Amino acid sequence: MICMVCGMQINNSNYSFNSEAFLEKNLPDDIKQCPFCGAKQSYFSAENKIYSVNHEDLDENILEIIDHAMKLEIFNGDYYKKAALISENQEVKNMLNAISNIEYMHSKIHKRLGGFKETPVLVNMNYDKLKNDQQLFEVACKRERHAVNFYKVNGAKLKDPILINVFRALLDVEKDHIELTDRSEEHTSELQSP
């Protein structure tokens with residue numbers, strides 16, 4: 001079986017990759033989401049179909065939306081990677097690293113769809129002011145809300161059914177990340193309260 005969104009093969013050897021990034025865990029006989037990009041089961045194909053578009057047929061406005069989506073996902077992937085280094089809790093580190101992997105996969109999806117040759121290197125942000133997991137999750141939740149808004153607003157501008165499906169799939173993943181980071185923020189807040 002293959003994920004039509006990211007193009008990755010899903011099988012019994014990899015169904016549990018990035019499991020810390022999901023509210024519901026994949027099981028060998030019940031794979032709920034792609035372990036690489038988080039797309040739901042409805043985006044799986046037994047025929048090895050992968051969503052693709054001819055980027056040369058896309059107008060400049062659509063390519064700009066895809067370029068911004070790619071950069072947004074890299075920006076968020078970078079954040080989670082750095083947040084994992086800041087956290088002192090191993091479970092939180094694992095979760096943040098798993099979400100980072102998924103965000104980077106989202107950027108690769110956009111890169112492929114837009115036909116972009118290079119992966120942009122973004123400004124290196126400093127997160128030294130974030131001192132605990134609660135603060136890390138507060139920022140994470142804001143980023144996920146921004147991503148959801150981005151996919152809603154820009155998804156409404158798309159006409160191509162493939163791009164619409166990809167944006168919907170990734171919107172759902174980002175919504176799950178809101179719930180995950182929000183729950184984690186609440187949990188760490190309870191742990192850090194006197």
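For this structure, a couple of remarks:
- Rounded to the nearest 20, the Cβ-based charge dipole of the chain about its Cα centre (Lys and Arg +1, Asp and Glu -1) stands at 240 debye.
- The string of couplings for the range 15-27 from the Karplus curve (6.51, -1.76, 1.60, θ = phi - 60°) is 4, 9, 4, 6, 4, 5, 8, 10, 5, 9, 8, 6, 10 Hz, one whole number per residue in order, with x for Gly and Pro.
- When the surface is traced with a 1.4 Å probe over the full set of protein chains, residue 127 keeps roughly 30 Å² accessible.
- Backbone HN-Hα couplings from phi across the range 102-113 [Karplus 6.51/-1.76/1.60, Hz, Gly and Pro as x]: 5, 4, 5, 5, 4, 5, 5, 4, 5, 4, 5, 5
- Shown in residue order for the range 37-44 are the 3J(HN,Hα) couplings computed by the Karplus curve 6.51 cos²θ - 1.76 cosθ + 1.60 at θ = phi - 60°: 10, x, 4, 5, 3, 5, 9, 8 Hz (x for Gly and Pro).
- Any cysteine of the chain lacking a neighbouring Cys Cβ under 4.7 Å - listed by number: 141
- Structure-based [θ]222 nm, the chain - -39500 (n - 2.57) summed over DSSP H runs of at least 4, per residue, nearest 500: -19500 deg cm²/dmol
- Spatially close Lys pairs in the range 62-136, defined by Cα atoms under 13 Å apart and a spacing of eight or more places or different chains, total 7.
- Subtracting the Cα-Cα distance of residue 48 and residue 149 from 0.36 nm times their residue separation leaves 33.3 nm of extension gain.
- Taken per residue, the accessible surface of the range 14-83 reaches 51 Å², heavy atoms only and a 1.4 Å probe.
- Excluding ligands, DNA and RNA, the accessible surface per residue across the range 126-181 is 49 Å² with a 1.4 Å probe.
- Exposure ranking of 146, 68, 177, 55 by accessible area [1.4 Å probe, largest first]: 146, 68, 55, 177
- Accessible area in the full protein assembly, largest first, 1.4 Å probe, for 80, 104, 51: 104, 51, 80
- Using the Cβ of residue 165 as centre and a radius below 14 Å, the other residues enclosed give a net charge of +2, where K and R count +1 and D and E count -1.
- Relative intensity, log₁₀ I(q)/I(0), of the range 139-186 from a Debye sum that treats every alpha carbon as a point, q = 0.27 Å⁻¹: -0.89
- Of the residues 58, 27, ranked by 1.4 Å probe accessible area with the largest first, the sequence reads 27, 58.
- Cβ-Cβ FRET estimate between residue 71 and residue 162, R0 fixed at 22 Å, reported to 0.05: 0.60
- Loop-exposed trypsin sites (Lys or Arg not before Pro) per DSSP, neighbour cap 16 Cβ within 10 angstrom, longest uninterrupted part of the chain: 50-116
- Annotation for the range 85-134: GluC sites (Glu not before Pro) lying in DSSP loop with at most 14 further Cβ atoms inside 10 Å of their Cβ are 88, 118.
The values are calculated or read from the model by the stated rules, or taken from the named source; none is laboratory data. Quick caveat: nothing in here was measured; it's all calculated off a predicted structure. Every residue, glycine among them, receives a Cβ derived from its backbone with ideal geometry; neighbour counts consider all protein chains shown. Keep in mind that these areas ignore ligands, DNA and RNA; they rest on the heavy atoms of the full protein, side chains included. Shrake-Rupley method; radii C 1.70, N 1.55, O 1.52, S 1.80 Å.
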